[in-house]
1. Please determine whether any residue of the stretch A:70-89 is aromatic (Phe, Trp, Tyr) and open to solvent by 60 Å² or more (accessible area, probe 1.4 Å).
2. A:Phe48: open to solvent by 70 Å² or more (accessible area, probe 1.4 Å) and assigned to a strand (DSSP E or B), yes or no?
3. Within the stretch A:92-108, restricting attention to residues that are modelled with pLDDT of 85 or more and over 11 Å from the mean Cα position of the chain (by Cα), which residue is nearest to the other protein chains (Cβ to nearest Cβ)?
4. I want to confirm something. Restricting to the stretch B:83-113 and keeping residues that are among the charged types (D, E, K, R), touching a residue at least 24 places away in the same chain (Cβ under 8 Å) and touching a Ser or Thr at 6+ places or on another chain (Cβ under 9 Å), which single residue is most open to solvent (accessible area, probe 1.4 Å)?
5. Of all residues in the stretch B:10-37, how many are open to solvent by 20 Å² or more (accessible area, probe 1.4 Å) and within 13 Å of chain A (Cβ to nearest Cβ)?
6. List, please: which pairs have Cβ atoms under 7 Å, are six or more places apart or on different chains, and start with a residue in the stretch A:47-76 that is in contact (Cβ under 8 Å) with a residue 40 or more places away in the chain and end with one that is of a type in the set (S, T, N, Q)?
7. So B:Ser52 ticks every box in (1) outside any strand (DSSP E or B); (2) within 14 Å of chain A (Cβ to nearest Cβ); (3) at pLDDT 95 or above but one. Which box is left unticked?
8. Looking for whichever is more than 13 Å from every other protein chain (Cβ to nearest Cβ) and of a type in the set (Phe, Trp, Tyr) here; the options are A:Tyr64, A:Tyr89, A:Tyr10. Which one fits?
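The values are calculated or read from the model by the stated rules, or taken from the named source; none is laboratory data. Bear in mind that the values here come from a model prediction, so they are computed numbers and not experimental data. Here Cβ is always computed from backbone atoms with ideal geometry, including for glycine, and neighbour counts include all displayed protein chains. Quick note on the areas: whole protein, heavy atoms, side chains included, nothing else; ligands and nucleic acids left out. Shrake-Rupley method; radii C 1.70, N 1.55, O 1.52, S 1.80 Å.
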Amino acid sequence: DVKVTQSSRYLVKRTGEKVFLECVQDMDHENMFWYRQDPGLGLRLIYFSYDVKMKEKGDIPEGYSVSREKKERFSLILESASTNQTSMYLCASSLAQVTMLQYGYTFGSGTRLTVV
Amino acid sequence: AQSVTQLDSQVPVFEEAPVELRCNYSSSVSVYLFWYVQYPNQGLQLLLKYLSGSTLVESINGFEAEFNKSQTSFHLRKPSVHISDTAEYFCAVSRGSNYKLTFGKGTLLTVNP
């Protein structure tokens with residue numbers, strides 16, 4: 001069964017800490033995505049990557065960065081965590097171009113981050 | 001920019017009642033439409049999709065959606081819901097050569113006994 005695995009289900013961090021959220025997929029997908037999910041706001045795209053070492057900003061990149069050194073792994077970094085970054089973070093992956101349409105995105109189970 | 005509007009943020013229904021979750025998208029050529037479901041404490045799962053051909057598409061668990069180009073809608077329906085259908089449902093669209101999904105804000109379906 002294909003999978004997107006997020007390393008932590010729950011995280012509690014202090015304000016100002018540097019936080020790493022890890023995501024690994026085993027499907028050889030080209031594209032990977034990071035979203036945050038908040039009540040009433042749906043899913044908002046933070047960053048995505050369409051190839052190793054390639055990245056593009058999504059709708060809300062401020063306060064975040066990403067790293068993709070290997071095809072299967074996409075990391076989200078909160079440079080200095082703040083309380084307004086408390087949220088559910090979802091990682092997703094997909095095949096590239098038109099083949100994405102056949103299978104859509106595959107999502108991880110999410111990481112619920114609380115910044116105190 | 002393409003957008004997706006889910007008109008209802010919450011839909012409470014009783015078990016075995018019919019349900020419709022509404023989704024409208026901004027008009028564009030070559031749209032591809034998706035519905036995803038998120039059960040409590042899980043990630044999103046693909047429920048069904050419209051790419052081309054028949055405008056009525058079905059999922060394996062009894063949901064169906066109809067692509068209506070003139071009304072720019074892709075509403076999700078089920079004639080009789082179960083308690084286990086309680087989840088959040090997201091409509092998503094991909095347009096033309098931009099093979100990224102734009103998601104709506106979600107509709108929380110709560111099925112009560």
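1. Step one: filter the stretch A:70-89 for residues aromatic (Phe, Trp, Tyr), giving A:74, A:89.
Now restrict to residues that are open to solvent by 60 Å² or more (accessible area, probe 1.4 Å): none.
There is no residue in the stretch A:70-89 that is aromatic (Phe, Trp, Tyr) and open to solvent by 60 Å² or more (accessible area, probe 1.4 Å).
2. On the way: open to solvent by 70 Å² or more (accessible area, probe 1.4 Å): no; assigned to a strand (DSSP E or B): yes.
Judged against the criteria, A:Phe48 is not a match.
3. Narrowing the stretch A:92-108 to residues modelled with pLDDT of 85 or more: A:92-95, A:104-108.
So of that shortlist, the ones also over 11 Å from the mean Cα position of the chain (by Cα) come out as A:94-95, A:104-106.
Working: A:Ser94: 8, A:Leu95: 9, A:Gly104: 4, A:Tyr105: 6, A:Thr106: 8 Å.
Filtering first and then ranking leaves A:Gly104.
4. B:Lys105
5. Residues flagged as open to solvent by 20 Å² or more (accessible area, probe 1.4 Å) and within 13 Å of chain A (Cβ to nearest Cβ) within the stretch B:10-37 amount to 3.
6. A:Tyr50/A:Asn31; A:Glu72/A:Gln25; A:Phe74/A:Ser49; A:Ser75/A:Ser67
7. Against the list (1) outside any strand (DSSP E or B); (2) within 14 Å of chain A (Cβ to nearest Cβ); (3) at pLDDT 95 or above, B:Ser52 comes up short only on (3).
8. Working: A:Tyr89 fails: more than 13 Å from every other protein chain (Cβ to nearest Cβ); A:Tyr10 fails: more than 13 Å from every other protein chain (Cβ to nearest Cβ).
None of the other options fit; the residue is A:Tyr64.
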